[in-house]
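The values are calculated or read from the model by the stated rules, or taken from the named source; none is laboratory data. None of the values given here were measured: they were computed from a predicted structure. Heads up, the Cβs are rebuilt from the backbone with ideal geometry, glycines too, and the neighbour counts pull from every protein chain shown.
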Amino acid sequence: MKSTKIILVLLVASNLLILSCKKSDNVVAPTVFYEQQDQMGRPAINTVFVTAAGDKDLFNTSIPSAMGAAFQSKFQTRLMGLNAAYTTNALGQNAATFTGLLATDVLGVSSTGVTTFFDGTNVLTGRALADDVIDVELLLIFGGPTGASNPGLTKDNVNANDKAFSTSFPYLAAAW
């Protein structure tokens, strides 16, 4: 009988302990904030066209729908500083159209066609790993209407990745 009372007391005590440790329903989850640190839809655009130090952070944290209005005229000034003879590029874009495209730093993607940055036919339909993005950007800035102007300025002379890309997902080259 004495052991039954002890077991009963232990069961009641353990139940009270368990109930007192119950998770409160009034706990508020902490608020988590995320902040955009860098825009990289088109590589090197921020590096080349955003020249004012304070504008780097503003460009990187701007939402794409506000980027054109905030940066197009600054980009056009910079474009004309880099290439005073700019009229149109190989896409037929004048300075305002081209810098408006660049200032909104997003990468469009074709879900039904070829995915490429620029292959002579398909333009800005995405980006394949092997696309020579810097050469394309140099061609569009310095190459003029046919892409043949300023031949010394339209290539970076880095013609391929230093290691072959994988043929299976995630397709990136193996690390050195």
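Condition first: under 21 Å from VAL48 (Cα atoms) and either under 20 Å from the mean Cα position of the chain (by Cα) or in a loop (DSSP other than H, G, I, E, B) (or both). Now tell me which residues in the stretch 127-139 satisfy that.
Within the stretch 127-139, ARG127, ASP131, ASP132, VAL133, ILE134, ASP135, VAL136, GLU137, LEU138 meet the criteria.
From THR51, THR47, which residue is polar (S, T, N, Q), exposed (fewer than 15 other Cβ atoms within 10 Å of the Cβ) and either in contact with a helix residue (DSSP H, G or I) (Cβ under 8 Å, 6 or more places away or on another chain) or in contact (Cβ under 8 Å) with a residue 24 or more places away in the chain (or both)?
The conditions single out THR51.
Of all residues being surrounded by fewer than 16 Cβ atoms within 10 Å (Cβ to Cβ) and touching a residue at least 24 places away in the same chain (Cβ under 8 Å) in the stretch 54-64, which is farthest from THR104 (Cα to Cα)? Just the residue, please.
Restricting to residues being surrounded by fewer than 16 Cβ atoms within 10 Å (Cβ to Cβ) and touching a residue at least 24 places away in the same chain (Cβ under 8 Å), the top hit is THR61.
Given the conditions (1) part of a helix (DSSP H, G or I); (2) of a type in the set (Asp, Glu); (3) within 16 Å of the chain's Cα centre (by Cα), and given that ASP55 satisfies all but one, which numbered condition is not satisfied?
All conditions are met except number (3).
Which of the following residues is touching a strand residue (DSSP E or B) at 6+ places or on another chain (Cβ under 8 Å) and among the β-branched types (Val, Ile, Thr): THR99, THR87, THR61?
From the options THR99, THR87, THR61, the qualifying one is THR87.
Test VAL136 against the stated conditions and say whether it is modelled with pLDDT of 90 or more, surrounded by fewer than 11 Cβ atoms within 10 Å (Cβ to Cβ) and of a type in the set (Val, Ile, Thr).
no
So, of the residues in the stretch 76-125 that are touching a Ser or Thr at 6+ places or on another chain (Cβ under 7 Å) and in a helix (DSSP H, G or I), which turns out to be surrounded by the fewest Cβ atoms within 10 Å (Cβ to Cβ)?
ARG78
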